[in-house]
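**Student:** This is the structure I have questions about; it appears just below.
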Amino acid sequence: MDGDSARQPEPLSGLLQRGLVFSEACPSREILKHLTSRWGVLVLLALLDGMHRYSTLRRKIGGVSEKMLAQTLQQLEADGFLTRTSLPVVPPHVEYRLTELGREAAERVRVLADWIEVNMPRILEAQQDKSG
């Protein structure tokens, strides 16, 4: 086995330093968009609590339209961050769960969300300073 076959992928921070993420063709851009969109973040955070049905997610995430929630769930499923299970009952029930990869991503997103909440007074103060 040569050294290259055991090499880990380069982290996003390394790609940023080298300017690769800024390339229009960088595939991680699309994943970054899915994970860090307003609805993507909220879906990941909601599913950290465990399995949720579509209707429960829609109620939990205030303000999301059916279209945007469905689109976000499809993107996160396609990226391997969650699983969708359709139960053969009437009316149909669909359940969503984080995959192991999704849980790892959600934990990291939670760190950013926690930082925002803790720093809201400072952020609001900065916004006031700029507008006032």
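**Student:** Using a Gaussian network model on the chain with a 10 Å cutoff between Cα atoms, which of Gly63, Gly102, Gly80 fluctuates the most?
**Tutor:** So, out of Gly63, Gly102, Gly80, the one fluctuating most is Gly63.
**Student:** Show Ser86, Ser55 ordered by accessible area, largest first, where the area counts protein heavy atoms only and the probe is 1.4 Å.
**Tutor:** Working: Ser86 70, Ser55 45 Å².
Ranked list, largest accessible area first: Ser86, Ser55.
**Student:** Ranked from the most accessible area to the least, with a 1.4 Å probe and all protein chains present, what is the order of Thr83, Thr72?
**Tutor:** Values: Thr83 60, Thr72 5 Å².
From most exposed to least exposed: Thr83, Thr72.
**Student:** How charged is the neighbourhood of Arg108? Take every other residue with its Cβ under 15 Å from the Cβ of Arg108, and add Lys/Arg as +1 and Asp/Glu as -1.
**Tutor:** Neighbour charge sum, excluding Arg108 itself: -3.
**Student:** Dividing the alpha-carbon Rg of the stretch 70-132 by 2.2 N^0.38 Å yields what?
**Tutor:** Values: Rg = 18.1 Å, N = 63, 2.2 N^0.38 = 10.6 Å.
Ratio of Cα Rg to 2.2 N^0.38 Å: 1.70.
**Student:** At 0.36 nm per residue, minus the direct Cα-Cα distance, what do Val94 and Asp129 gain on full extension? Give it in nm, one decimal, please. Don't jump to the answer; show the numbers that get you there.
**Tutor:** On the way: separation 35, 0.36 × 35 = 12.60 nm, distance 4.62 nm.
Contour length minus the Cα-Cα distance gives 8.0 nm.
**Student:** Then there's this: If DNA, RNA and ligands are ignored and the probe is 1.4 Å, what is the ranking of Leu42, Leu73 by accessible area, most exposed first? Each step should come with its number before you reach the end.
**Tutor:** On the way: Leu42 65, Leu73 5 Å².
Sorted descending by solvent-accessible area, the residues read Leu42, Leu73.
**Student:** Can you give the Kirkwood hydrodynamic radius for the chain, in Å, rounded to one decimal and based on Cα pairs?
**Tutor:** 17.1
**Student:** Can you give the accessible area per residue of the stretch 58-132, in Å², using a 1.4 Å probe? Working shown, then result.
**Tutor:** Numbers: 5470 Å² over 75 residues.
Result: 73 Å² per residue.
**Student:** Just how much of Val111 is accessible, in Å², when a 1.4 Å probe is used and the result is rounded to the nearest 10?
**Tutor:** Result for Val111: roughly 100 Å² accessible.
The values are calculated or read from the model by the stated rules, or taken from the named source; none is laboratory data. All figures in this text were calculated on a predicted structure; none of them were measured in a lab. Here the Cβ is made from the backbone with ideal geometry for all residues, glycine too, and neighbour counts use every protein chain on show. Remember, those area values only see protein heavy atoms, side chains included, never the ligands or the DNA or RNA. Shrake-Rupley method; radii C 1.70, N 1.55, O 1.52, S 1.80 Å.
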